[in-house]
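Working notes, structure below.
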Amino acid sequence: MNAANDATAADAELLALDARHVWHPYAPMPSTVAPLLVREASGACLRLADGRELVDGMSSWWAAVHGYRHPVLDAALAEQAGRMSHVMFGGLTHEPAIRLASTLAELTPDGLEHVFLSDSGSVSVEVALKMCLQYWRSRGEPAKRRMLTWRGGYHGDTFHPMSVCDPEGGMHALWRGVLPEQIFVPAPPSGFDTEPDQSYVDELAASVERNAGELAAVVVEPIVQGAGGMRFHHPGYLRALREITSANDVLLVFDEIATGFGRTGALFAAEHAGVTPDVLCLGKALTGGYLTMAATLCTPRVAEGISEGAVPVLAHGPTFMGNPLAAAVANASIGLLADGSWLPRVRRIEALLREGLAPAAGVPGVVDVRVLGAIGVVQLDRHVDMGEATRVLTANGVWLRPFRDLLYTMPPYVCTDGQVEQITAAMVKTTREV
Ligand SMILES: *Cc1c(COP(=O)(O)O)cnc(C)c1O
């Protein structure tokens with residue numbers, strides 16, 4: 001056998017082991033679809049074991065905004081690994097985490113000053129909810145223990161975050177009796193540019209007012225509802241929520257795990273509305289997609305409320321909290337955004353997505369085509385056949401992961417114009433063929 005055959009046999013063995021032992025996300029065990037074996041990645045491209053190259057239109061679940069093997073991020077990681085990869089964060093601290101926390105406090109909307117680092121987005125939402133619940137307990141109002149959110153949201157897969165996910169998308173029927181029951185209002189009317197509907201705002205206000213006695217917080221994704229359905233809404237709803245929650249003594253949490261770091265055309269989606277939430281969650285693109293890390297930021301009011309209570313500590317402390325490797329690469333990733341060149345790039349990608357996806361609007365079965373920042377969505381009138389879609393997309397050199405009735409892309413900002421055009425052409429082709 002020659003070397004190529006050996007490699008092919010070794011890869012087949014790896015995939016057989018994968019099928020036998022590895023549980024993949026949102027999949028049964030054993031899985032029903034074989035994953036693609038990735039050997040390496042650089043720039044906006046994934047290189048598969050069989051030699052194929054795919055443009056990654058997903059940024060590895062929206063995280064790898066600078067693409068793969070970015071020299072600045074690689075160097076930051078190697079440099080930090082040469083000092084220390086990890087130390088516990090209880091009683092110890094270090095420069096990468098200190099710099100990261102102070103940079104986040106500076107970059108995020110005014111008023112968010114304290115930063116709790118954790119290891120994944122879902123955990124950062126757990127921490128946000130814990131902060132809100134503990135704030136009211138410390139203030140002697142334990143009855144304020146429920147969350148209100150709008151439908152169509154997604155906040156993670158651990159239990160408390162799941163309770164504020166869309167009840168259908170989050171399979172709340174399956175978890176009845178296990179999940180805390182939160183208060184849901186209808187999803188916000190669609191469209192970033194569609195003027196706010198006053199009757200919807202009135203409904204939000206009435207629901208918060210009616211439930212204020214037992215509400216700890218309102219929790220939403222600002223501007224873009226991501227994994228709950230890739231829907232966009234007008235910033236006016238966020239301004240309304242800020243007024244309504246303040247007037248009713250309810251905290252406001254923005255989950256910017258998907259929208260943070262430029263994806264929507266503002267560094268943080270809250271900037272579109274010009275409001276500061278009481279608590280903010282960040283994750284995904286925080287480390288440029290290199291390592292797992294998330295952050296929960298809060299205002300001094302929330303921190304003081306907790307720290308003045310009968311139990312004056314926030315009882316949370318992940319083993320890998322503040323991981324120096326992740327913090328160092330996050331600092332480098334944010335450093336790459338600091339010169340502002342991401343903004344014209346995201347605007348350019350937005351224009352290319354609009355132009356490239358426009359032909360999909362005329363394809364039978366397509367119900368909506370929408371674009372905001374570096375997010376392009378084609379919504380169909382039925383569930384996308386993932387196997388078929390993947391076949392057409394990969395045959396056209398593109399990696400996407402459709403879900404439900406959505407074929408969408410969130411490309412790395414480093415995508416060339418040609419690569420964005422390749423993604424949109426493959427998407428249009430997929431809507432025609434699948
Ligand atoms: C992805 C996501 C989460 C969960 O983050 P994980 O790192 O996957 O736990 C929470 N909220 C939003 C808005 C997300 O997009």
**Report entry** Two-decimal Rg/Rh across the stretch 178-250, once Rg and the Kirkwood Rh are taken from alpha-carbon atoms
**Finding:** 0.96
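With +1 assigned to the C-beta of every Lys and Arg and -1 to the C-beta of every Asp and Glu, and no other charges, what is the dipole magnitude of the chain about the Cα centre in debye, to the nearest 20?
With only Lys, Arg, Asp and Glu charged at Cβ, the dipole is about 280 debye.
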Query raised in the report: HN-Hα J couplings of the stretch 114-124 from phi, Karplus 6.51/-1.76/1.60, θ = phi - 60°, integer Hz, Gly and Pro as x?
Result: 10, 10, 10, 8, 9, 9, 7, x, 4, 5, 5
Query raised in the report: Where does each of 350-357, 76-83 land if you order them by average Cβ count within 10 Å, highest first?
Result: 350-357, 76-83
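Using a probe of 1.4 angstrom, how much of the accessible area of the chain is carbon and sulfur, in percent? It would help to have the intermediate numbers written out before the result.
Working: 10460 of 18690 Å².
For the chain, the apolar C and S fraction of the accessible surface comes to 56 percent.
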Query raised in the report: What number, in percent, do you get for the relative contact order of the stretch 73-338 if the mean sequence gap of Cα pairs under 8 Å and at least 6 apart is divided by its residue count?
Result: 31
**Report entry** 5 Å binning of all Cα-Cα separations within the stretch 73-338, expressed as whole percents from 0 upward
**Finding:** 1, 6, 13, 18, 19, 17, 12, 8, 4, 1, 0, 0
**Report entry** Stretch gain in nm, segment residue 354-residue 174, where the contour uses 0.36 nm per residue and the Cα spacing is subtracted
**Finding:** 61.0 nm
Query raised in the report: If you line up the long axis of helix 3-21 against the longest principal axis of the chain, both from Cα atoms, how many degrees apart are they, to the nearest 10?
Result: 30
Query raised in the report: What length, rounded to one decimal in nm, is gained on full extension from residue 8 through to residue 249, with 0.36 nm per residue of separation minus their alpha-carbon distance?
Result: 80.5 nm
Report summary line: Non-local residues with an amide H under 5 Å from the amide H of residue 218, with H modelled 1.01 Å from N and Pro and chain starts lacking one, are 148, 251, 252, 253
Query raised in the report: Amide H to amide H under 5 Å from residue 368: which residues, 5+ apart in sequence or cross-chain, H placed 1.01 Å off N in plane?
Result: 379
Requested in this report: Would you please give the FRET efficiency between residue 36 and residue 194, computed as 1/(1 + (r/R0)^6) with r the Cβ-Cβ distance and R0 = 41 Å, to the nearest 0.05?
Outcome: 0.60
Requested in this report: Would you mind checking which residues have amide H under 5 Å from residue 414's amide H? H placed 1.01 Å from N; only 5 or more apart, or other chain.
Outcome: 67
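The values are calculated or read from the model by the stated rules, or taken from the named source; none is laboratory data. All figures in this text were calculated on a predicted structure; none of them were measured in a lab. Every residue, glycine as well, gets a Cβ built from its backbone with ideal geometry; the counts of neighbours run over all protein chains shown. For the accessible areas, the whole protein counts, side chains as well, though only heavy atoms, and no ligand, DNA or RNA atoms are used. Shrake-Rupley method; radii C 1.70, N 1.55, O 1.52, S 1.80 Å.
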